[in-house]
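Peer 1: Dropping the structure in here first, questions after.
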Amino acid sequence: MSYIHIEKQFPQLLIFVILAFILLITSSLFSSGLLFPIIKAVSAQSAVTTTVQPYEITTRGNLPYPTSVQGNGYNNKYPLLNVQQLFNNCPNEIAIIVHGWPLNETQAKERFDRAKMSLEHDQYPVPIVGFSWESNTTWTNAKQIANENGPKLAHFIFDYKNTCKHQHNKDVNVRIVAHSLGARVVLSTLEGLNNIAAWNTNHFKITSVHLMGPAVDDEEVSRNPSDTGDSFLDDDIVYGKFIQKEVVHFFNLYDREDNMLKPALFPPVYYPAFEGDLPLGYQGKQAGIDSPPSSIYRDINVENEMRNIDDSDGDHKCDLPNPFIPGSCTINAVGENHLGYFGFRSAVNGTLIDDGAMNVVVSNWRNP
């Protein structure tokens, strides 16, 4: 009887022994610190929430000076903050985001929101100031308007740094991130800063500039005007001296597969056809030009950051349709989507599905 009784209880005894063994091993791992850090790290990561404060300024309507945009951000997701708060609080750094061509105000807000989501994803909570300019016009007009907006943005940046320095005794960092034709706004801005006497006497500088897929000629970062002349459309203007004088770190993010920048045998061909020249965003600066020193200027290939996604803004449409073949999309491989540098938005719920080249921007900010 006793043998049968023990035999019937054996499964329960076996389970008890196994549970006791698991408890012993787990206790040892906790006490040795091998298991606890893993659980702690995961918990800490899930608990971290990064929020980027959104501001926007605009010169649309040919305003002579950037004005703070009131109301809400893209899709009414959040209220836009009053830029005057920046002048009152002077945070240690801000990032000015400059969009490209040919965007209306709603599309500009969408780009700023994507940049905001990417920075939050990459855990860099810098306040952003979206710079909305009147780019929704023809290519030729947009280039001229971009040039005209440089001095306007320059005066805003000077006023901000000057106010923080002399009214609040703070040396603040201003970063600029620009996409596509927004690069022309930025290069003109650097020239505009150079023309402000008080900017120079205060020895102010832009902390960093990132041009993402810049739609400007690849020799325009030269310091020597004689490096121009590749195209009859060249204006013989170069900005290398302004880059060297006004910027601490200048990064050009290029992509040899970018469908709006690369030369091709078949249409659509955008920048090379419009300008008769290669853009800075295609393969970096032109070989042999008198560019700023490598301690200031760097070309970075971000082709692999541009995922094979043909809808970056989540509007259920191909970003770059083939104008000659109805229903055909030109984006079929990694690197081809010119509109993905700020990141990629889900067409289902509008959330971020990839941060585009913004992770490279953040990495450069952290380790220039």
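Values in this text are rule-based calculations from the coordinates and carry no lab data. Because the structure is predicted, anything quoted here is derived from the model rather than measured. With ideal geometry, Cβ positions are generated from the backbone for all residues, glycine too; neighbour counts draw on all protein chains shown.
Peer 1: For segment 256-368, which fully contained helices (runs of 4 or more DSSP H) count at least 1 residues that are without any contact (Cβ under 8 Å) to a residue 60 or more places away in the chain? If you could, list the steps in order and put the result at the bottom.
Peer 2: Working: elements: 271-275, 280-283, 358-366.
It comes to 271-275, 358-366.
Peer 1: Okay, next question. Name every residue in segment 171-201 that is of a type in the set (A, V, I, L, M) and either in a loop (DSSP other than H, G, I, E, B) or without any contact (Cβ under 8 Å) to a residue 60 or more places away in the chain (or both), in order of residue number. If you could, list the steps in order and put the result at the bottom.
Peer 2: Quick first cut of segment 171-201, residues of a type in the set (A, V, I, L, M) only: 172, 174, 176-178, 181, 183, 185-187, 190, 193, 196-198.
Within segment 171-201, Val172, Leu181, Leu187, Leu190, Leu193, Ile196, Ala197, Ala198 qualify.
Peer 1: Only one of these conditions is not met by Thr201: (1) under 21 Å from the mean Cα position of the chain (by Cα); (2) more than 24 Å from Asn359 (Cβ to Cβ); (3) of a type in the set (S, T, N, Q). Which number is it?
Peer 2: (1)
Peer 1: I'd like to know if segment 202-219 contains one or more residues that are of a type in the set (Asp, Glu), under 16 Å from Gln244 (Cα atoms) and in a helix (DSSP H, G or I). Write out each step before concluding.
Peer 2: To start, the set of residues in segment 202-219 that are of a type in the set (Asp, Glu) comprises 217-219.
Filter again for under 16 Å from Gln244 (Cα atoms), leaving 219.
Filter again for in a helix (DSSP H, G or I), leaving none.
Checked against the condition, which is being of a type in the set (Asp, Glu), under 16 Å from Gln244 (Cα atoms) and in a helix (DSSP H, G or I), segment 202-219 yields no hits at all.
Peer 1: How many of the residues making up segment 113-149 are touching a helix residue (DSSP H, G or I) at 6+ places or on another chain (Cβ under 7 Å), in a helix (DSSP H, G or I) and either over 26 Å from Tyr160 (Cβ atoms) or of a type in the set (A, V, I, L, M, F, W, C) (or both)?
Peer 2: Qualifying residue count, segment 113-149: 5.
Peer 1: Considering each residue of segment 108-141, count those that are among the polar types (S, T, N, Q), in contact (Cβ under 8 Å) with a residue 40 or more places away in the chain and surrounded by fewer than 22 Cβ atoms within 10 Å (Cβ to Cβ), and give that number. First the steps, then the outcome.
Peer 2: If we filter segment 108-141 for residues that are among the polar types (S, T, N, Q), which is where we start, we get 118, 123, 132, 135-138, 140-141.
Applying the additional criterion that residues be in contact (Cβ under 8 Å) with a residue 40 or more places away in the chain yields 118, 123, 132, 135.
Pick out the ones that are also surrounded by fewer than 22 Cβ atoms within 10 Å (Cβ to Cβ) and you get 123.
Total satisfying the criteria: 1.
Let's see how each residue does on (1) closer than 30 Å to Pro326 by Cβ; (2) in contact with a His (Cβ under 6 Å, 6 or more places away or on another chain); (3) surrounded by fewer than 23 Cβ atoms within 10 Å (Cβ to Cβ); (4) of a type outside the set (Val, Ile, Thr):
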| site | (1), (2), (3), (4) |
| --- | --- |
| Phe232 | no, no, yes, yes |
| Asn252 | no, no, no, yes |
| Pro263 | yes, no, yes, yes |
| Val269 | yes, no, yes, no |
| Ser295 | no, no, yes, yes |
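Peer 1: Hey, another quick one. Looking at Ile289, Ile296, Ile325, which one is over 21 Å from Gln107 (Cα atoms), out of contact with any helix residue (DSSP H, G or I) (no Cβ under 9 Å at 6 or more places or on another chain) and of a type in the set (Val, Ile, Thr)? First the steps, then the outcome.
Peer 2: Values: Ile289 fails: out of contact with any helix residue (DSSP H, G or I) (no Cβ under 9 Å at 6 or more places or on another chain); Ile296 fails: out of contact with any helix residue (DSSP H, G or I) (no Cβ under 9 Å at 6 or more places or on another chain).
Ile325 is the lone residue from the list that is over 21 Å from Gln107 (Cα atoms), out of contact with any helix residue (DSSP H, G or I) (no Cβ under 9 Å at 6 or more places or on another chain) and of a type in the set (Val, Ile, Thr).
Peer 1: Just to be sure I understand, how many residues within segment 150-169 are part of a loop (DSSP other than H, G, I, E, B) and either surrounded by 15 or more Cβ atoms within 10 Å (Cβ to Cβ) or without any contact (Cβ under 8 Å) to a residue 24 or more places away in the chain (or both)? Step through it out loud before you land on a result.
Peer 2: Kept after step one, since they are part of a loop (DSSP other than H, G, I, E, B), are these residues of segment 150-169: 168-169.
Next, only the ones that are either surrounded by 15 or more Cβ atoms within 10 Å (Cβ to Cβ) or without any contact (Cβ under 8 Å) to a residue 24 or more places away in the chain (or both) stay: 169.
Residues that pass the stated criteria total 1.
Peer 1: Suppose we filter Pro125, Pro91 for residues that are in contact with a Ser or Thr (Cβ under 6 Å, 6 or more places away or on another chain) and within 25 Å of Arg366 (Cβ to Cβ); which single one remains?
Peer 2: On the way: Pro91 fails: in contact with a Ser or Thr (Cβ under 6 Å, 6 or more places away or on another chain).
From the options Pro125, Pro91, the qualifying one is Pro125.
Peer 1: Among the residues of segment 324-368, write down those that are of a type in the set (Ser, Thr, Tyr) and either surrounded by fewer than 17 Cβ atoms within 10 Å (Cβ to Cβ) or over 15 Å from Ile97 (Cβ atoms) (or both). Working first, answer last.
Peer 2: Filtering segment 324-368 down to residues of a type in the set (Ser, Thr, Tyr) leaves 328, 330, 341, 346, 351, 363.
If the condition is that a residue be of a type in the set (Ser, Thr, Tyr) and either surrounded by fewer than 17 Cβ atoms within 10 Å (Cβ to Cβ) or over 15 Å from Ile97 (Cβ atoms) (or both), then Ser328, Thr330, Ser346, Thr351, Ser363 are the ones that fit.
Peer 1: Name, by its number, the condition in (1) farther than 18 Å from Pro102 by Cβ; (2) not in a strand (DSSP E or B) that does not hold for Leu253.
Peer 2: (2)
Peer 1: Moving on to the next point. Collect the residues in segment 178-198 that are more than 20 Å from Gly240 (Cβ to Cβ) and either among the polar types (S, T, N, Q) or within 22 Å of the chain's Cα centre (by Cα) (or both), keeping them in residue-number order.
Peer 2: Just the residues of segment 178-198 that are more than 20 Å from Gly240 (Cβ to Cβ), to begin with: 179-180, 197-198.
Selection gives His179, Ser180.
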